[in-house]
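Below: one structure, written as structure tokens.
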Number of protein chains: 4
Amino acid sequence: MSKKIRLGILGGGGDSLIGVLHRIASSMYDSYQLVGGVFNPIPEENTGFAEKIGIPTNRVYNDFDTMIEEELKLPEDQRMQVVSVLTPNFLHFPMAKKLIESGFNVICEKPMTTSFEEAQILKETLDKSDVLFAVTYTYTGYPMVRQMKEMIASGVIGKIQKVDVQYYQGWINPIIHDAEKRANTWRLDPEKGGISCCIGDIGTHGYDMIEYLTGLEVESILSDLNYMYSDNKMDIDGTVLLRFSEHVKGLLRTSQIATGEENNFTVSIYGEKGGLKWEQENPNYLYHLTEDGPLKVLKPGHGYNSEFSLDGTKLPPGHPEGIFDSMGNIYKGVAKAIRKEEYHPGEFPTMNDGFRGMNFIERVVESHQKGNVWVKL
Amino acid sequence: MSKKIRLGILGGGGDSLIGVLHRIASSMYDSYQLVGGVFNPIPEENTGFAEKIGIPTNRVYNDFDTMIEEELKLPEDQRMQVVSVLTPNFLHFPMAKKLIESGFNVICEKPMTTSFEEAQILKETLDKSDVLFAVTYTYTGYPMVRQMKEMIASGVIGKIQKVDVQYYQGWINPIIHDAEKRANTWRLDPEKGGISCCIGDIGTHGYDMIEYLTGLEVESILSDLNYMYSDNKMDIDGTVLLRFSEHVKGLLRTSQIATGEENNFTVSIYGEKGGLKWEQENPNYLYHLTEDGPLKVLKPGHGYNSEFSLDGTKLPPGHPEGIFDSMGNIYKGVAKAIRKEEYHPGEFPTMNDGFRGMNFIERVVESHQKGNVWVKL
Amino acid sequence: MSKKIRLGILGGGGDSLIGVLHRIASSMYDSYQLVGGVFNPIPEENTGFAEKIGIPTNRVYNDFDTMIEEELKLPEDQRMQVVSVLTPNFLHFPMAKKLIESGFNVICEKPMTTSFEEAQILKETLDKSDVLFAVTYTYTGYPMVRQMKEMIASGVIGKIQKVDVQYYQGWINPIIHDAEKRANTWRLDPEKGGISCCIGDIGTHGYDMIEYLTGLEVESILSDLNYMYSDNKMDIDGTVLLRFSEHVKGLLRTSQIATGEENNFTVSIYGEKGGLKWEQENPNYLYHLTEDGPLKVLKPGHGYNSEFSLDGTKLPPGHPEGIFDSMGNIYKGVAKAIRKEEYHPGEFPTMNDGFRGMNFIERVVESHQKGNVWVKL
Amino acid sequence: MSKKIRLGILGGGGDSLIGVLHRIASSMYDSYQLVGGVFNPIPEENTGFAEKIGIPTNRVYNDFDTMIEEELKLPEDQRMQVVSVLTPNFLHFPMAKKLIESGFNVICEKPMTTSFEEAQILKETLDKSDVLFAVTYTYTGYPMVRQMKEMIASGVIGKIQKVDVQYYQGWINPIIHDAEKRANTWRLDPEKGGISCCIGDIGTHGYDMIEYLTGLEVESILSDLNYMYSDNKMDIDGTVLLRFSEHVKGLLRTSQIATGEENNFTVSIYGEKGGLKWEQENPNYLYHLTEDGPLKVLKPGHGYNSEFSLDGTKLPPGHPEGIFDSMGNIYKGVAKAIRKEEYHPGEFPTMNDGFRGMNFIERVVESHQKGNVWVKL
């Protein structure tokens, strides 16, 4: 009876915050119904979790392979239409690959894979299929990010001449200075987290945002990473010089040792006619700098915003929405795409974002290891 | 199978924003399942809406009375456990009254009733029942509002000596200056909106917040309202002087003609040892002023916050949550109460808040009409 | 040889902060030369101070009367051209009066007198003279205050419909709660400070600013003051409801028990077309709210500001100027007037400001003492 | 009679803003008396300017050499005690050198010289003399910069682990895109402005601030500059990676094409225990980030600040001071030094700051020209 999209979820059980984020985001526009999945590798915890969140357990499977097998047995109009992959990073690739091959639409948490090689394979797999694939670079769903993208596209600030993006956190500070802790944190273990900690975790958000907002592609990069201790194997801080073309430059600054910072992700883009600035921790303000007029501060929900931005706001101006609402907008876009409704190309990040992001991580590490030299993307 | 609380909703169909707010809020903590209700008085729109939001139509009723009748026929473990009343203001009272009398828990939008007399009757009705009754003063659900309440209760700023609350909007400005528009806006029609526009709509939020945060009760008030045009029947701006006791005073400032303001609700509370300030449009910052130290800025999710505040935050610091999350916290509290779990007394506003609020509105109008004189609450 | 204006100063010796403020302000535009005065009633401290600040002692007089007498003996082109009165409040009146009668231009600190009666006499004295009289309501000299005044005058926000001014400080908090301290603070002693503490000291700034900015005159007021302790004789907190006309209202909120506040003087003015907001502690930002466009933030020194505003800024945008610069602008205006150069009518506050201010203080106290009733100004 | 320090000024005539800044700064603490100088190379404008600013013309000389000659003829207790050099950049070196050699104390605008070679010669000249030499890196005089320096020195944020300094302006944007303008702007002409525009003009402020605040010395740098057009000879934007030691890194970001930015100079310093942030455009706020407590916002004039910081504030908290006051503090420090009074080592920047700054500029350009490689300072 329900016209809701049938959603499955992999991972996100127990106290998983990412699970909470995806469940709420999926419920925001009355578009999805969570019908099952594998929330936890331990069977009893798996069903226990399903009961806790109040969903029927008949489609809560013991493992991923069983889920695929059983779901494929169901008639198409009962089968899961899209599956969200929230498992540990190293499982993203095999799960996403099999989901695509089995004909399921996929919403994949970032990082999409643990290596660029995997990303290439996944991209090829998707290219041969006709399913939909979204990567959850959550921050692109904010209304004022969308507004910024549209203003840049429509030429409000003119030709872009400088980009400066910051993503500063301080959470790793107490870990990094403790020899034992830094040896035992999974984030700092290349076996578990891939080749990069800081760039892989937050740098990719910055890189994706830059290309998302500007429509430009970074041509080459020069990076300087910091590992802080000789026995530490993963970067925890890094600056990346960016070149879009000979005379258009930028930089991406990331850190997990900016002690006291929470999730200080900021974007500044300057063009020939003006500048635009946005801060993730105050996401409902977009600053428009002009050469000869006052600073303008745009806020969500006003008629002066683009349709695309307005589509991402649920309440009138002055009723602050946040990161759940941002992720909700990404789910909303995916829903439109699944339902073959019209949608904006920037409504959710795709394979291309995930793919380029994985390349970025590897090239940044390469530049650093070669002695801070320019590397083409 | 599901352990979700069975929720019914009255009103909130069509493009209703309040409907969106309640549906999302109810889904935030995996605690509620919307099972039916009456969303719209027009039957086809009613079921159409149910289909649009993807819920089964078997418990979507043509009218309120039928809903009560049919639900009561269901076994108790299938019957709606709580009903949210989101209908036009004048329907709150009769619906809430019958729901209580029929043994349903109630979540009621504000204003709870259209007169203090109704509020008194409703209160008596509730007193004779054993159901749960919540009024959605949404803003009390913000984590930093909760933190502020707890800090005041624990004496951080000492004995309160001054309270200043502002609620400024500008939305009525283009209406009020147009004779035709102001004659035809339901908000300005006492038949439809009760005796007060500005105080009734936003002043009560401010008044409730003051008593919520401080634990004090306002003893008497003196008000000065503004109607702007002689043919306008409802206040659109008003200042209320507050007395808590002979030497403890405060003020509540409200306006709908503060042109350009969105939803600028701010709270400043000063005690003998310090001050606390909060702004609804930037809800994730709590300012703690002290006499001899630097200003402190508290943010949600940090370990220095109270348990009650932390219970209202879903993600780590730096991931901004907003008004949906605030309302979600109120629904979460109601869920705990329905499930007989332990909960904090400030987790959701109750009949007492609604009751006092209705009295406040009438006394404020009385003070103004008598020539701006002191009136006891 | 020097074309500087010959300035005398009364008071401001020792560690006086107001003395520092006036000396620096007078030197800012190369317009004044401090030639002498009476800085201190104790002769040796008086000359010692002159030496300390590096001015010749030949025109540093033992007392006020001697100064007048001796200066009048000097040829007109050597005589002091203007005298700044920075003495304790009760001396403002007799000194200013005699200065006027003796033909000296006067720059008088606020409060101009200690009673409205004195103010009336002083006004009459001035009316019969041809000297210049300025009162230093320092805050009117800020470039963004001037810009606000000009924008309002030119109709940018349309007809004014609401005014809300706040002046909150917390400095008296530790004094007021200590019986001994509050009995022995001169500010709380009516013999020394006049009939009002809070309204007299900071309320008048707010009142003057309102009339300065809007060009409107307050018609009547209703006040509620707080004395906090029965043995305390002076108001330390007060709210004043303002009426400009039947449908144009406002309020002035003042406090010295807003614990933790420094000098939080803010102005919000709303008109039919928009709003303007300014905060003294961040004086280089002027917020312009509009109904259908983004918030605009104006800053000093930009070409979009009025000539009057630009005349008050010495450096390009981004080089913050402060309160010394604000007072410097007032001195600059007085210099223009003394030199018979063209100047803007808002360049410095005049007798009229001082006069109305004294009336305001007395009417506010009257309204409170009569039981919070409306009083005409 | 006067104990004021006898000050001479070179340059700063006409509409010179830097002249206004120095004259006001010198007058702020009653310590200096401007006795003469050479304000303008054109004799009639020179004396005309002296008359305009109201100083006697007897010591206003036609040229620099005459000034030195004539002043040396005066008895020591009448001779200028210190000379401020505000002339065009290329004159700083020859004038400062001769002043030092002739026994005059010098206050020199930045850049101290136009090349590192000149800086080395000047340093040697000074080393052989016993005069005092100050360079006016104006921003180091702000009270909250001083407070930051002291907090870092006292270990409040622990061992420094990351430094990020930004200096963004947009003023050159309209010039750079116009072929004719960029060919004819003196700032972009290496003959007149030295080898660097952006780094030379504002980058040195950032570099000096970093070493001033942290007490660390930058060991090596890697830079990426932007010239934007092939026919443009000077950098107008540049990022500099900084290494203090193997594991302590930082970056300095500068731009004159950050369209719409005014003078956006910000400093962020993170240590093992916390972070400190400051912004020049809002200079009265110092942000102290900690790992487990609320953000603290320090403001000038409070007792919790260091003595050194408090010495730079003239009024109580809440009375904003600005850039004139900051420069005034530098002059105050120089006055103490001239009078052989005790002073704080950070009270004014010295030859060492100027000297290191010139080296920095040349090494940054070198790094860029060699292909963005590491260069030792």
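Bear in mind that the values in this text are calculations on the coordinates, not laboratory data. The structure presented is a predicted model; accordingly, all values stated were derived computationally and were not measured. Reconstructed Cβ throughout: ideal geometry from the backbone, glycine too, with neighbour counts over all protein chains shown.
Would you calculate a helix-derived [θ] at 222 nm for the protein assembly as shown, using -39,500 (n - 2.57) for each DSSP H run of n ≥ 4 and dividing by the full residue count, to the nearest 500?
-10500 deg cm²/dmol
Using only Cα atoms, locate the centre of region B:105-140 and the centre of region B:145-190, then give the distance between them in Å, rounded to an integer.
Taking the Cα centre of each part, region B:105-140 and region B:145-190 sit 21 Å apart.
For a quick check: with amide H placed at 1.01 Å from N, whose amide H comes under 5 Å from B:PHE265's, ignoring anything fewer than 5 positions away on the same chain?
B:TYR168, B:GLN280, B:GLU281
Taking the Cα centroid of region B:51-90 and of region C:362-377, what is the distance between the two, rounded to the nearest whole Å?
57
Apply the Karplus parameterisation 6.51 cos²θ - 1.76 cosθ + 1.60, with θ equal to phi minus 60°, to every residue of region A:185-195 and state each ³J(HN,Hα) to the nearest whole Hz, in sequence, with x for glycine and proline.
8, 4, 4, 9, 10, x, 4, 9, x, x, 7
Looking at chain D, which longest stretch skips every one of the GluC sites (Glu not before Pro) that is in a DSSP loop with at most 13 other Cβ atoms within 10 Å, leaving the sites themselves out?
D:77-216
Whole angstrom only: what separates the Cα centroid of region A:193-229 from the Cα centroid of region B:1-45?
The two parts, judged by their Cα centres, are 42 Å apart.
If each label sits 7 angstrom from Cα along the C-beta direction, how far apart, in nm, is D:ASP130 from its counterparts in the other copies?
For D:ASP130, the inter-copy label distances come out at 6.0, 9.4, 9.8 nm.
Among C:LYS128, D:LYS181, C:LYS249, what is the fewest-to-most ranking by other Cβ atoms within 10 Å?
The most exposed by this proxy come first: C:LYS128, D:LYS181, C:LYS249.
Between B:GLN369 and D:LEU377, what is the FRET efficiency for a Förster distance of 56 Å, r being their Cβ-Cβ separation, to the nearest 0.05?
Once the sixth-power term is evaluated, E becomes 0.15.
May I ask what percent, to the nearest 5, of DSSP beta bridges between residues of chain D are antiparallel?
About 60 percent, rounded to the nearest 5.
Inside 10 Å of the C-beta atoms of B:25-32, what's the mean count of C-beta atoms belonging to other chains?
Across the residues of B:25-32, the mean count of other-chain Cβ atoms within 10 Å is 4.
So how far apart, in nm, are the two label points at A:ASN282 and B:LYS340 if each is 7 Å from Cα heading toward Cβ?
4.9
Got the A:PRO316 label distances to the other copies yet, label 7 Å along Cα→Cβ, in nm, shortest first?
3.8, 4.2, 4.4
What are the nm distances, shortest first, from C:HIS247 to its equivalents in the other copies, labels at 7 Å along Cα→Cβ?
Nearest to farthest, the other copies are at 4.4, 5.8, 7.2 nm.
In sequence order, what are the phi-derived ³J(HN,Hα) couplings for region A:49-58 according to the Karplus relation 6.51 cos²θ - 1.76 cosθ + 1.60 with θ = phi - 60°, rounded to whole Hz, with x for glycine and proline?
Result, rounded to whole Hz: 5, 4, 5, 4, 8, x, 10, x, 9, 4.
Using θ = phi - 60° and the Karplus form 6.51 cos²θ - 1.76 cosθ + 1.60, what ³J(HN,Hα) does each residue of region C:293-300 get, whole Hz, x for Gly and Pro?
x, x, 4, 10, 10, 8, 10, x
Sequence-distant or interchain residues sharing an amide H contact under 5 Å with A:ILE5, placed H: which?
A:TYR32, A:GLN33
Return the long-range amide H neighbours of A:CYS108 (sequence gap of 5 or more, or a different chain), with a cut-off of under 5 Å between placed amide H atoms.
Under 5 Å from the amide H of A:CYS108: A:VAL85, A:ALA134, A:VAL135, A:THR136.
Output the relative contact order of chain B, whole-number percent, from Cα pairs under 8 angstrom with separation of 6+ residues.
Computed value for chain B: 20 percent relative contact order.
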